[in-house]
1. Kindly provide the set of residues from the range 50-95 that are under 26 Å from Asp12 (Cβ atoms), part of a loop (DSSP other than H, G, I, E, B) and at pLDDT below 90, ordered by number.
2. Between a residue in the range 74-90 that is in contact (Cβ under 8 Å) with a residue 12 or more places away in the chain and surrounded by 18 or more Cβ atoms within 10 Å (Cβ to Cβ) and any residue that is among the aromatic types (Phe, Trp, Tyr) and not in a strand (DSSP E or B), which pairs come within a Cβ distance under 7 Å, given they are 6 or more apart or on different chains?
3. Using the structure shown, decide if Lys108 is modelled with pLDDT under 85, buried (at least 19 other Cβ atoms within 10 Å of the Cβ) and not aromatic (Phe, Trp, Tyr).
4. Which residue is farthest from Thr101 (Cα to Cα), if the candidates are limited to the range 36-88 and must be of a type in the set (Asp, Glu) and in contact with a Ser or Thr (Cβ under 6 Å, 6 or more places away or on another chain)?
5. Which one of the conditions (1) under 23 Å from the mean Cα position of the chain (by Cα); (2) farther than 23 Å from Gly180 by Cβ; (3) not in a loop (DSSP other than H, G, I, E, B) does Gly142 fail to meet, given that it meets all the rest?
6. May I ask you to list pairs of residues, at least six apart or on different chains, whose Cβ atoms are under 7 Å apart, with the first in the range 132-149 being within 17 Å of Leu161 (Cα to Cα) and the second being of a type in the set (D, E, K, R)?
7. Do we find that Lys36 is part of a loop (DSSP other than H, G, I, E, B), surrounded by fewer than 16 Cβ atoms within 10 Å (Cβ to Cβ) and either free of Cβ contacts under 8 Å to residues at least 60 places away in the same chain or on the phi < 0 side of the Ramachandran plot (or both) in this structure?
8. Which of the residues belonging to the range 7-27 are surrounded by 10 or more Cβ atoms within 10 Å (Cβ to Cβ), more than 15 Å from Arg90 (Cβ to Cβ) and at pLDDT below 85?
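The values are calculated or read from the model by the stated rules, or taken from the named source; none is laboratory data. Quick caveat: nothing in here was measured; it's all calculated off a predicted structure. When we count neighbours, we look across all protein chains shown, and the Cβ atoms used for this are built from the backbone with ideal geometry, even at glycine.
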Amino acid sequence: MNSKPNKYEIFDDNSMKIYSNNSDNYFVVNNIDFEKIKNLSWREDKDGYYISAINDNGERKYLRLHRYILEDELNGDSNKEVDHIRTLDRWDNRRNNLRITNDYGNAKNRKIHKNNTSGIPCVDYVTKSDKWRVIVQETYYGTFSDKYDAFCVSRDKHIELFGKYNSINWNKIEKKEFPGKCVNL
């Protein structure tokens, strides 16, 4: 459908840099995936993902690059998703930044919800009790008079539950919310 080829160049020994067709931005893929994607025309969508339009029996459909790269490993399972481990690096579509997960696992990588008033993931203020409540993945971890205590519990639970896939910058939140109390992880 969109047949303009992407420009590309070598990024490093194992990766190719491919330039978007609708901006000056680029994305990176492993050399082993370059053959698979090179004949499609890729552009950046409004959310920062790279997509390509294809014709599927006369109907326009869009492929998301990160999902297309790992589609063989999904085995047709529509309940599985491909997730960027480093959430903000949507330009990095190398396999070491992609993982297969489900919607629940993908959700923990999302930004703090716009309705969050505490500035801390999974922490909210309960007016009735005048305390800070911590709920991580639908599990209640208590209420705290001190907001910093609630922060510490939320941070520790996220690190315990998600390990290397925890994409929240806890140091940044701590410096913003609790200047003077900062203890880097």
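1. Ile85, Arg86, Thr87, Leu88, Asp89, Arg90, Trp91, listed by residue number.
2. As it stands, the answer is Arg90/Tyr49, since those pairs meet every condition given.
3. On the way: modelled with pLDDT under 85: yes; buried (at least 19 other Cβ atoms within 10 Å of the Cβ): yes; not aromatic (Phe, Trp, Tyr): yes.
The answer is yes for Lys108.
4. Step one: of the range 36-88, the residues of a type in the set (Asp, Glu) are 44-45, 47, 56, 59, 71-73, 77, 81, 83.
Add one more test, that the residue is in contact with a Ser or Thr (Cβ under 6 Å, 6 or more places away or on another chain), and what stays is 44, 81, 83.
On the way: Glu44: 23, Glu81: 5, Asp83: 7 Å.
Within the range 36-88, the match that is farthest from Thr101 (Cα to Cα) is Glu44.
5. Condition (1) is where Gly142 drops out.
6. Every condition considered, the pairs that remain are Val136/Lys157; Tyr141/Lys157.
7. So Lys36 does not fit the description; no.
8. Ile10, Phe11, Asp12, Asn21
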